[in-house]
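As C-alpha coordinates, the structure follows; a few thoughts come after it.
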Amino acid sequence: NCTFNNIVIPESRTGINILVPTHPEYGIHHGPAIENILFSNMVMDVKKAFFLWTGDKASSPASLRRIRFDNIIASANRANFIGGSASVPVEEIHFSRVHITMFGDMKDDFNGVAPDPYGVFGYWTKSGLPYAFYVRNAKKVTFTDVTLDWKRATGKWREALKVEKSEDVSGSLNPRMI
(Lines give C-alpha, C1' and ligand atoms only; values in the text may rest on other atoms or scores of the structure.)
Protein backbone atom coordinates (compact mmCIF):
# COMPACT_ATOMS: atom_id res chain seq x y z
CA ASN A 1 0.00 0.00 0.00
CA CYS A 2 1.54 3.27 -1.14
CA THR A 3 0.70 6.73 -2.50
CA PHE A 4 2.83 8.94 -4.77
CA ASN A 5 1.45 12.47 -5.07
CA ASN A 6 2.49 15.88 -6.46
CA ILE A 7 5.55 14.73 -8.41
CA VAL A 8 7.30 16.26 -11.43
CA ILE A 9 9.50 13.96 -13.54
CA PRO A 10 11.56 16.05 -16.02
CA GLU A 11 13.51 14.66 -19.00
CA SER A 12 13.57 11.03 -17.93
CA ARG A 13 13.50 7.70 -19.76
CA THR A 14 10.51 6.15 -17.95
CA GLY A 15 8.01 7.96 -15.77
CA ILE A 16 6.48 5.08 -13.79
CA ASN A 17 8.16 1.71 -14.10
CA ILE A 18 6.80 -1.21 -12.04
CA LEU A 19 8.24 -4.68 -12.57
CA VAL A 20 7.59 -8.04 -10.90
CA PRO A 21 10.94 -9.75 -11.47
CA THR A 22 12.19 -13.20 -10.53
CA HIS A 23 15.80 -13.88 -9.64
CA PRO A 24 16.20 -17.48 -8.40
CA GLU A 25 19.94 -16.91 -8.07
CA TYR A 26 19.12 -14.40 -5.30
CA GLY A 27 16.30 -16.41 -3.73
CA ILE A 28 13.46 -14.54 -5.50
CA HIS A 29 11.63 -17.50 -7.03
CA HIS A 30 8.16 -16.16 -7.84
CA GLY A 31 8.38 -12.34 -7.73
CA PRO A 32 6.86 -9.89 -5.25
CA ALA A 33 3.23 -8.91 -4.71
CA ILE A 34 2.85 -5.24 -5.70
CA GLU A 35 -0.64 -4.03 -4.83
CA ASN A 36 -2.75 -1.03 -3.81
CA ILE A 37 -0.74 1.90 -5.18
CA LEU A 38 -2.01 5.36 -6.15
CA PHE A 39 -0.09 7.78 -8.39
CA SER A 40 -1.74 11.21 -8.55
CA ASN A 41 -1.11 14.82 -9.53
CA MET A 42 1.98 14.20 -11.64
CA VAL A 43 3.68 15.87 -14.59
CA MET A 44 6.14 13.90 -16.74
CA ASP A 45 8.41 14.68 -19.70
CA VAL A 46 9.63 11.19 -20.59
CA LYS A 47 10.25 8.71 -23.38
CA LYS A 48 7.68 6.28 -21.89
CA ALA A 49 5.15 7.36 -19.25
CA PHE A 50 3.94 3.96 -17.95
CA PHE A 51 5.60 0.54 -17.98
CA LEU A 52 3.93 -2.15 -15.84
CA TRP A 53 5.10 -5.73 -16.34
CA THR A 54 5.09 -9.03 -14.52
CA GLY A 55 8.15 -10.95 -15.56
CA ASP A 56 7.67 -13.96 -17.81
CA LYS A 57 8.74 -16.34 -15.05
CA ALA A 58 6.62 -14.79 -12.27
CA SER A 59 4.27 -17.15 -10.44
CA SER A 60 1.78 -16.96 -7.60
CA PRO A 61 1.82 -15.35 -5.06
CA ALA A 62 3.48 -12.66 -7.22
CA SER A 63 1.07 -9.98 -8.39
CA LEU A 64 0.72 -6.54 -9.90
CA ARG A 65 -2.78 -5.29 -9.14
CA ARG A 66 -4.97 -2.48 -7.90
CA ILE A 67 -2.78 0.30 -9.29
CA ARG A 68 -4.40 3.72 -9.94
CA PHE A 69 -3.17 6.65 -11.99
CA ASP A 70 -5.11 9.90 -11.52
CA ASN A 71 -4.64 13.47 -12.75
CA ILE A 72 -1.45 12.96 -14.74
CA ILE A 73 -0.03 15.06 -17.58
CA ALA A 74 2.75 13.52 -19.66
CA SER A 75 4.62 13.87 -22.92
CA ALA A 76 6.13 10.68 -24.34
CA ASN A 77 7.49 9.28 -27.60
CA ARG A 78 6.95 5.58 -26.89
CA ALA A 79 4.03 3.26 -26.16
CA ASN A 80 2.87 2.75 -22.60
CA PHE A 81 3.03 -0.97 -21.85
CA ILE A 82 0.64 -2.62 -19.39
CA GLY A 83 1.49 -6.29 -19.46
CA GLY A 84 1.39 -9.40 -17.41
CA SER A 85 2.48 -12.92 -18.12
CA ALA A 86 0.19 -15.84 -18.91
CA SER A 87 0.51 -17.09 -15.32
CA VAL A 88 0.43 -13.70 -13.55
CA PRO A 89 -1.68 -11.12 -15.42
CA VAL A 90 -1.74 -7.50 -14.30
CA GLU A 91 -5.11 -6.79 -12.69
CA GLU A 92 -7.30 -3.82 -11.79
CA ILE A 93 -5.23 -1.07 -13.39
CA HIS A 94 -7.11 2.24 -13.57
CA PHE A 95 -6.24 5.40 -15.49
CA SER A 96 -8.36 8.51 -14.87
CA ARG A 97 -7.87 12.12 -15.89
CA VAL A 98 -4.66 11.36 -17.81
CA HIS A 99 -3.46 13.52 -20.71
CA ILE A 100 -0.52 12.37 -22.84
CA THR A 101 1.09 14.30 -25.68
CA MET A 102 2.64 11.72 -28.00
CA PHE A 103 5.58 12.97 -30.06
CA GLY A 104 8.40 11.73 -32.23
CA ASP A 105 8.91 9.84 -35.45
CA MET A 106 7.74 6.22 -35.07
CA LYS A 107 9.62 3.68 -37.18
CA ASP A 108 7.52 0.62 -36.13
CA ASP A 109 10.50 -1.73 -35.75
CA PHE A 110 8.25 -4.42 -34.25
CA ASN A 111 5.74 -4.24 -37.14
CA GLY A 112 2.96 -3.39 -34.68
CA VAL A 113 3.37 -6.49 -32.50
CA ALA A 114 5.19 -6.60 -29.17
CA PRO A 115 7.53 -9.59 -28.84
CA ASP A 116 6.04 -12.27 -26.59
CA PRO A 117 7.51 -12.51 -24.09
CA TYR A 118 8.11 -8.77 -24.07
CA GLY A 119 11.65 -8.33 -22.79
CA VAL A 120 12.85 -5.33 -20.89
CA PHE A 121 16.35 -5.44 -22.32
CA GLY A 122 17.11 -4.53 -25.92
CA TYR A 123 13.90 -2.52 -26.20
CA TRP A 124 15.58 0.89 -26.23
CA THR A 125 17.59 0.10 -29.37
CA LYS A 126 14.30 -0.04 -31.32
CA SER A 127 11.85 2.79 -32.05
CA GLY A 128 9.17 1.19 -29.88
CA LEU A 129 5.59 0.04 -30.30
CA PRO A 130 3.37 2.27 -32.48
CA TYR A 131 0.48 2.68 -29.98
CA ALA A 132 -0.20 5.06 -27.12
CA PHE A 133 -1.15 2.07 -24.90
CA TYR A 134 -0.33 -1.60 -25.43
CA VAL A 135 -2.16 -3.96 -23.04
CA ARG A 136 -1.35 -7.69 -22.88
CA ASN A 137 -2.22 -10.41 -20.34
CA ALA A 138 -4.35 -8.10 -18.23
CA LYS A 139 -7.67 -8.20 -16.38
CA LYS A 140 -9.85 -5.20 -15.53
CA VAL A 141 -7.98 -2.27 -17.05
CA THR A 142 -10.04 0.94 -17.25
CA PHE A 143 -9.48 4.26 -18.97
CA THR A 144 -11.65 7.16 -17.78
CA ASP A 145 -11.17 10.64 -19.23
CA VAL A 146 -7.85 9.76 -20.88
CA THR A 147 -6.86 12.10 -23.72
CA LEU A 148 -4.08 11.80 -26.26
CA ASP A 149 -2.60 14.61 -28.33
CA TRP A 150 -0.94 13.37 -31.53
CA LYS A 151 -0.07 16.77 -33.10
CA ARG A 152 3.70 16.27 -32.65
CA ALA A 153 3.70 12.56 -33.57
CA THR A 154 4.99 11.57 -37.01
CA GLY A 155 5.81 8.33 -38.78
CA LYS A 156 4.08 4.97 -38.44
CA TRP A 157 2.04 5.45 -35.27
CA ARG A 158 -1.11 3.29 -35.26
CA GLU A 159 -4.22 3.37 -33.08
CA ALA A 160 -4.33 4.66 -29.52
CA LEU A 161 -4.96 1.30 -27.83
CA LYS A 162 -3.84 -2.23 -28.70
CA VAL A 163 -5.17 -5.08 -26.53
CA GLU A 164 -4.07 -8.73 -26.63
CA LYS A 165 -4.85 -11.74 -24.42
CA SER A 166 -6.77 -9.59 -21.93
CA GLU A 167 -10.18 -9.47 -20.26
CA ASP A 168 -12.40 -6.52 -19.36
CA VAL A 169 -10.37 -3.64 -20.82
CA SER A 170 -12.76 -0.70 -21.02
CA GLY A 171 -13.30 3.02 -20.88
CA SER A 172 -12.60 6.07 -22.96
CA LEU A 173 -9.42 7.03 -24.74
CA ASN A 174 -10.13 10.27 -26.54
CA PRO A 175 -7.38 10.56 -29.13
CA ARG A 176 -6.76 13.36 -31.53
CA MET A 177 -5.75 11.06 -34.36
CA ILE A 178 -2.92 11.80 -36.78
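Structure summary
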quantity: Residues whose placed amide H lies under 5 Å from that of E164, excluding near-sequence neighbours; calculated: V135, R136, N137
quantity: Dipole magnitude (debye, nearest 20) for segment 11-98, charges at Cβ of Lys, Arg, Asp, Glu; calculated: 180
quantity: Check: the chain dipole with +1 on Lys, Arg Cβ and -1 on Asp, Glu Cβ, in debye; calculated: 300
quantity: Top positive-direction residue, dipole computed over segment 1-110 with Cβ charges, set L19, M42, V88; calculated: M42
quantity: Of all DSSP beta bridges in segment 2-115, antiparallel share, percent nearest 5; calculated: 5
quantity: Area accessible to solvent at T3, 1.4 Å probe radius, in Å²; calculated: 90
quantity: Overall form of segment 32-169 per C-alpha gyration tensor (a/c, 1.5; a/b vs b/c); calculated: oblate
quantity: By accessible area with a 1.4 Å probe, ligands and nucleic acids excluded, highest first: order of E159, E11, E164, E25; calculated: E11, E25, E159, E164
quantity: Which of S166, M102, L64, positive extreme of dipole for the chain (C-beta unit charges); calculated: M102
quantity: Solvent-accessible ranking of D45, D108, largest area first, probe 1.4 Å; calculated: D45, D108
quantity: F4-D145 FRET efficiency (beta carbon distance; Förster radius 25 Å; 0.05 resolution); calculated: 0.80
quantity: Cα lying deepest toward the dipole's positive end in the chain, options T142, I73, G155, charges on Cβ; calculated: G155
quantity: Probe 1.4 Å - accessible area at K139, Å² to nearest ten; calculated: 80
quantity: For S75, residues with placed amide H under 5 Å, excluding near neighbours; calculated: M44, D45, V46, T101
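The values are calculated or read from the model by the stated rules, or taken from the named source; none is laboratory data. Just so it is clear, the structure is predicted and the values come from calculations on it, not from any experiment. So basically every Cβ, Gly included, is an ideal-geometry build from the backbone, and we count neighbours across all protein chains shown. Areas reflect the complete protein model, heavy atoms only, side chains present, ligands, DNA and RNA absent. Shrake-Rupley method; radii C 1.70, N 1.55, O 1.52, S 1.80 Å.
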